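A short write-up of the structure that comes next.
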Amino acid sequence: MQRKRLYLILIGFIIIVIGLNVFWLIKFKQSPVKAGMMPNTNSQITNNKEKQRILNIPPVLKPDSTDANNVYYTLRAQTGMTQLVSGEKNKNVWL
């Protein structure tokens, strides 16, 4: 008798869980945003009228030396000037 009661409670719990999942899917099937998957969707993309600049990509650096497991490079950090945003003054940056 005790085992039968446990099975009935377990089956009832499973039915409730399945019912809640079905309800959730039916209620929020129109938009995952309403379901809380993407809560911050207020941002809008606008056309930037500013002239686009080409990204300067340096050439591939040749290694100083290599061994079986490693590749070695010598890098030298130095300061330089660049304009990060058009219309602003040049800024000191590390190159």
Open item on the list: Need one number: nm distance between label points at L84 and L55, each 7 Å from Cα along Cα→Cβ, rounded to one decimal.
Closed with: 1.7
Task: Gap separating the Cα centres of region 10-28 and region 50-87, nearest whole Å - done: 56
Open item on the list: Just to be sure I understand the model, the point goes 7 Å from the Cα along the line to the Cβ. What's the resulting R3 to V17 distance in nm?
Closed with: 2.2
Open item on the list: For F28, what residues show an amide H to amide H distance below 5 Å, using hydrogens built from the backbone and excluding near sequence neighbours?
Closed with: none
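Which order do you get for W94, W24 if you rank them by accessible area with a 1.4 Å probe, largest at the top? Walk me through the numbers on the way to the answer.
On the way: W94 185, W24 125 Å².
Descending accessible area places them as W94, W24.
The values are calculated or read from the model by the stated rules, or taken from the named source; none is laboratory data. Just so we're clear, the structure is a prediction, and the values are computed from it rather than from any experiment. Every residue, glycine as well, gets a Cβ built from its backbone with ideal geometry; the counts of neighbours run over all protein chains shown. Heads up: the accessible areas ignore ligands, DNA and RNA and are worked out on the full protein's heavy atoms, side chains in. Shrake-Rupley method; radii C 1.70, N 1.55, O 1.52, S 1.80 Å.
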